[in-house]
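**Student:** The structure that follows is given in the form of structure tokens.
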Amino acid sequence: MKSKSQGFTLLELVVVIVILGILAVTAAPRFLGVQRDAHEALAQGAFAAFRNSIDMYHSQWLVDGEPNFDQVVNYGQGDIYPSSSGFPFAVGDAPVSAGVGLSGDDCVELWNALMTTDLTIRAHGSSVFPSEENIVGWYTADPSCYYYYTSGFSFGEDIPRLNYFPLTGEVTITADSPSS
């Protein structure tokens with residue numbers, strides 16, 4: 001006598017669902033960790049590209065004969081003014097004097113002028129979070145610009161931060177928790 005196969009029994013179905021549930025519970029944290037790693041890698045790549053743009057701009061400044069801070073350097077759109085030491089400082093309008101007059105909007109304009117990327121940026125304003133943009137930029141009195149990579153991060157976490165000092169060309173990349 002042959003018996004006909006009629007499919008899964010209820011017990012077999014429950015066992016399969018339990019096994020899939022266990023796999024999902026163990027795989028979800030690992031998947032979330034991969035997403036965080038991807039955001040951190042994207043931040044590092046964007047910050048490395050920014051650093052390379054600064055180096056290329058400075059090289060062009062040297063090739064152009066080290067023009068003064070009130071003359072544009074033949075780089076990108078040709079609207080970036082150098083600091084007294086030849087690093088990108090201002091976009092569009094010449095600075096009033098060498099190394100003076102940096103604002104938050106200047107840092108955002110500088111990022112956009114140096115970078116060709118799909119990453120969006122906004123000025124810091126009152127707080128870093130919440131942010132629909134990938135990058136939040138602002139300035140300090142040094143003068144320097146700082147850029148937080150916010151995509152995939154939330155308030156209270158250490159997030160990637162790039163500090164750029166246009167008078168020296170120094171770039172530092174750290175991770176910290178913004179105060180606001």
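The values are calculated or read from the model by the stated rules, or taken from the named source; none is laboratory data. Since this is a predicted model, take the numbers as computed values, not measurements. In this analysis, Cβ positions are derived from the backbone assuming ideal geometry, glycine residues included, and neighbour counts consider all displayed protein chains.
**Student:** Could you say which residue among 90, 38, 49, 43 is among the hydrophobic types (A, V, I, L, M, F, W, C), at pLDDT 85 or above, within 30 Å of residue 125 (Cβ to Cβ) and surrounded by fewer than 13 Cβ atoms within 10 Å (Cβ to Cβ)? Give the derivation first.
**Tutor:** Numbers: 90 fails: surrounded by fewer than 13 Cβ atoms within 10 Å (Cβ to Cβ); 49 fails: surrounded by fewer than 13 Cβ atoms within 10 Å (Cβ to Cβ); 43 fails: surrounded by fewer than 13 Cβ atoms within 10 Å (Cβ to Cβ).
Checking each option against the conditions leaves just 38.
**Student:** Name, by its number, the condition in (1) in contact with a Phe, Trp or Tyr (Cβ under 6 Å, 6 or more places away or on another chain); (2) assigned to a helix (DSSP H, G or I) that does not hold for residue 105.
**Tutor:** The failed condition is (1).
**Student:** Might you check whether a residue that is of a type in the set (Ser, Thr, Tyr) and touching a Lys or Arg at 6+ places or on another chain (Cβ under 9 Å) occurs anywhere in region 123-134? Don't jump to the end; show me each part of the working.
**Tutor:** Within region 123-134, the first condition is being of a type in the set (Ser, Thr, Tyr), and the residues that meet it are 126-127, 131.
Remaining after also requiring touching a Lys or Arg at 6+ places or on another chain (Cβ under 9 Å): 131.
Within region 123-134 (the criterion being of a type in the set (Ser, Thr, Tyr) and touching a Lys or Arg at 6+ places or on another chain (Cβ under 9 Å)), the answer is yes, since at least one residue qualifies.
**Student:** Within region 93-126, track down each residue that is modelled with pLDDT under 85 and of a type outside the set (Val, Ile, Thr).
**Tutor:** The first filter runs over region 93-126 and keeps only residues modelled with pLDDT under 85, leaving 93-104, 125-126.
Matches in region 93-126: 93, 94, 95, 97, 98, 99, 101, 102, 103, 104, 125, 126.
**Student:** While we're looking at this one, here's another question. Could you list, in sequence order, all residues of region 147-168 that are closer than 14 Å to residue 51 by Cβ and out of contact with any helix residue (DSSP H, G or I) (no Cβ under 6 Å at 6 or more places or on another chain)?
**Tutor:** Within region 147-168, 147, 161, 163, 164, 165, 166, 168 qualify.
**Student:** Out of region 120-169, which residues are among the aliphatic types (A, V, I, L, M), in a loop (DSSP other than H, G, I, E, B) and either touching a strand residue (DSSP E or B) at 6+ places or on another chain (Cβ under 6 Å) or in contact (Cβ under 8 Å) with a residue 40 or more places away in the chain (or both)? Working first, answer last.
**Tutor:** Initially, region 120-169 is screened for residues among the aliphatic types (A, V, I, L, M), giving 121, 123, 128, 135-136, 141, 159, 162, 167.
Filter again for in a loop (DSSP other than H, G, I, E, B), leaving 128, 141, 167.
128, 167 - these are the residues of region 120-169 that are among the aliphatic types (A, V, I, L, M), in a loop (DSSP other than H, G, I, E, B) and either touching a strand residue (DSSP E or B) at 6+ places or on another chain (Cβ under 6 Å) or in contact (Cβ under 8 Å) with a residue 40 or more places away in the chain (or both).
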